[in-house]
Amino acid sequence: MTTSPRRPATVATRAGLVSDPAFHAVVPPLYLSSTFAFPELDQRGPYDYSRSGNPTRQLLADALVQLDGGAGGEVTGSGMGAVQATVHALVQGGDLVLAPHDCYGGTWRLLEAFARQGLIRLQWADFGAADIGAVIQQSRPALVWVETPSNPLLRITDITAVAEAAHAVGATVAVDNTFLSPLLQRPLQLGADVAVYSTTKYLNGHSDVVGGAVVAASEETAEKLRWWCNTLGVTGSAFDAFLTLRGLRTLYRRMEAHCANSAALVAAIVDHPALTACHYPGLPNHPGHALAARQQSGFGAMVSLDVGSQAAARRVLDGLEIFTLAESLGGVESLICHPGLMTHAAMPPAVQAAAGITPGLLRLSVGIEDAADRVADLVAALDRV
């Protein structure tokens, strides 16, 4: 009997269930063993050492590969571990990496460090520019790094257009899909070669696990990624994979609530006089709105607000109760951060300014609390400006 393809909500909810070969447990067991017995001296079983492979971690990897429509992938100990392994797998010494000038601060720091060490050549570019295809054609990179929506300004990059331009010059395309998850955007189906995640965020969804993942469109690329993850020692732990699988099973319903809540919040505050800018792809006047509507299945739950100055930002942050001042995102709780002083602090002020990260910028991760409570909390904070 042929099984029809499962929709993403079903794949996420049933990730790893009823896969226990020993006792047929509905929820899969947690394999904490660091090592596995060899049946014979010259015979290796499916697993030998947990850095190289672990049954619990494999269940999570399989679920993410299925959600993204990929050929294979690996789970890492952090999102930055996933970024590191991807660059090592896809770039030879001295190759050029083309990356967005407004990317996540941790990615910026890593790529800059690799460039200083001579491991890569690095070129920053505005991926929102109309001539990004020409930039790719002229620079002829080995790897094009995409982040869409971007962190923290939520700029939207046309994945299909970038992939076509990159592939025309023999480049590989990796897309950081952390802000949306495979439920809202599937980069591999849009032409990308690799999807990269911090599973710490929406995939786990409860701010209690640090992890990452890489998913490849081809088995050849997937094997490179697995080799480098094992060699670098950045594979994730079995316990973290177990917890992330548990979080993944509620991803669909959580994302529904996140998206609805962010849209309601923006509608309530977009015209507040304290704001000099509201960055949210769901707004019709957002520069990437039409593209986001076309390549995404929802507008996500990240919102960035500019209140004009760092002093005004401090007044907003003073006294917030529903929004917690903290880094990270994607948990069920609402968080707020100041990118310039927190998530993107590694960037020098001039680099921040060039990327559009202003002193008055605040980034919100909209949670799933009661909508009225959240709106009242933020409106009261904006009123203090």
Task: residue 71 surrounded by fewer than 22 Cβ atoms within 10 Å (Cβ to Cβ) and either of a type in the set (A, V, I, L, M, F, W, C) or outside the structural domain of residue 353 (by TED's automatic domain parsing) (or both) - done: yes
Open item on the list: Here is a list: 221, 231. Which entry is surrounded by 22 or more Cβ atoms within 10 Å (Cβ to Cβ) and of a type in the set (S, T, N, Q)?
Closed with: 221
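Here's the yes/no breakdown for (1) free of Cβ contacts under 8 Å to residues at least 12 places away in the same chain; (2) more than 21 Å from residue 131 (Cα to Cα); (3) touching a helix residue (DSSP H, G or I) at 6+ places or on another chain (Cβ under 6 Å):
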{"position": "150", "(1), (2), (3)": "no, no, no"}
{"position": "159", "(1), (2), (3)": "no, no, yes"}
{"position": "164", "(1), (2), (3)": "no, no, no"}
{"position": "182", "(1), (2), (3)": "no, yes, yes"}
{"position": "191", "(1), (2), (3)": "no, no, yes"}
{"position": "199", "(1), (2), (3)": "no, yes, yes"}
Task: Leading residue by the ranking (surrounded by the fewest Cβ atoms within 10 Å (Cβ to Cβ)) among those in the range 74-102 that are among the polar types (S, T, N, Q) and in contact with a Gly (Cβ under 6 Å, 6 or more places away or on another chain) - done: 78
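The values are calculated or read from the model by the stated rules, or taken from the named source; none is laboratory data. Since we're looking at a predicted model, the values are computed, not measured. Every residue, glycine among them, receives a Cβ derived from its backbone with ideal geometry; neighbour counts consider all protein chains shown.
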